[in-house]
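S.K.: The structure is given below, and queries will be raised subsequently.
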Amino acid sequence: MGLTLLLLGYTLLQENLPERLTHTWPWKLKLLDIQSAVAAVLATGGAALARAQYARTIRPAIGYFGRVIADITPNHQLAWACQLFNGGQEVVVTVDLRYWINYTSTAQANGATDSSEWVTHQVATASIESCGLVNRRDFTLHVVGSGRPIPGQHLQHLGWFTEKAMREVENVFIRVHVLDRVGDTHERVINMLKAADRSPIHADPPPF
């Protein structure tokens, strides 16, 4: 679109220059006539508009929710679980997931350190384990690799935390990058422990 507008501008200037200048460089270079330049602008503009409308139609609606779930841990404790939801109609493909961990004041007093940058799944898991928590017993961050498709109207489990883990971990932010059908990348940052029930006494009902 930008190139065709540039060509149209060049053509208009060339057509309106004094005749003595039309034989000098670069004005002696004939690229398009005015009709062809206008047609090129209309064609590329229409294509860009159609592409933008289609991209908006299939744009994913990435959301998330958390709830207390029973029988998800090895010792059948109640746990706060978080799930990602693609509310759009089209499949999206996971490009990257990064984590940012914040700890409670109690954990910080015992030596835990908040994240200073977005980290990988492996680094985030190791950071939480450094507080004395056991992976897949006290907490779990589910592995969501690059290229993982998330169909429309489907859920993606992100992880869960027991009451013991939530006494140490204040926030777990996840930065999600997904790619849609037309090649656009979308980013969403979520907090797995936002509004979490940190002392659960019963399981929540199914969300749907």
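The values are calculated or read from the model by the stated rules, or taken from the named source; none is laboratory data. Please read all numbers here as calculations on a predicted model, not as lab measurements. As a convention, Cβ positions derive from the backbone with ideal geometry for all residues, glycine included, and neighbour counts pool all protein chains shown. Ligands, DNA and RNA are excluded from the accessible area calculation, which covers all protein heavy atoms including side chains. Shrake-Rupley method; radii C 1.70, N 1.55, O 1.52, S 1.80 Å.
S.K.: By how many nm would the segment from Asp96 to Trp118 grow when fully extended, if each residue of separation counts as 0.36 nm and the alpha-carbon distance is taken off? Numbers along the way, then the final one.
M.R.: Working: separation 22, 0.36 × 22 = 7.92 nm, distance 1.12 nm.
Answer, rounded to one decimal: 6.8 nm.
S.K.: Hey, can you rank 159-168, 102-111 by average C-beta count inside 10 Å, highest first? Show your work: numbers first, answer last.
M.R.: Values: 159-168: 21.6, 102-111: 14.4.
By packing density, highest mean first, the sequence is 159-168, 102-111.
S.K.: A further question follows. If you take the beta carbon distance between Tyr54 and His186 as r and set R0 to 22 Å, what does 1/(1 + (r/R0)^6) give as a FRET efficiency, to the nearest 0.05?
M.R.: Details: r = 15 Å, r/R0 = 0.69.
Result of the calculation: an efficiency of 0.90.
S.K.: Starting from the amide H of Leu193, placed 1.01 Å from N in the peptide plane, find each other amide H under 5 Å away whose residue is 5 or more places distant or on another chain.
M.R.: Close amide H contacts, sequence-distant or interchain: Val172.
S.K.: Which helices, counted as full DSSP H runs in the chain, have an axial Cα extent of no less than 27 Å and a Kyte-Doolittle average of -1.0 or above?
M.R.: The qualifying helices are 34-57.
S.K.: Here is a further query. Over the chain, average the accessible area per residue using a 1.4 Å probe and give it in Å², no decimals. Provide the component values of the computation, followed by the final result.
M.R.: Working: 11810 Å² over 208 residues.
For the chain, the per-residue accessible area is 57 Å².
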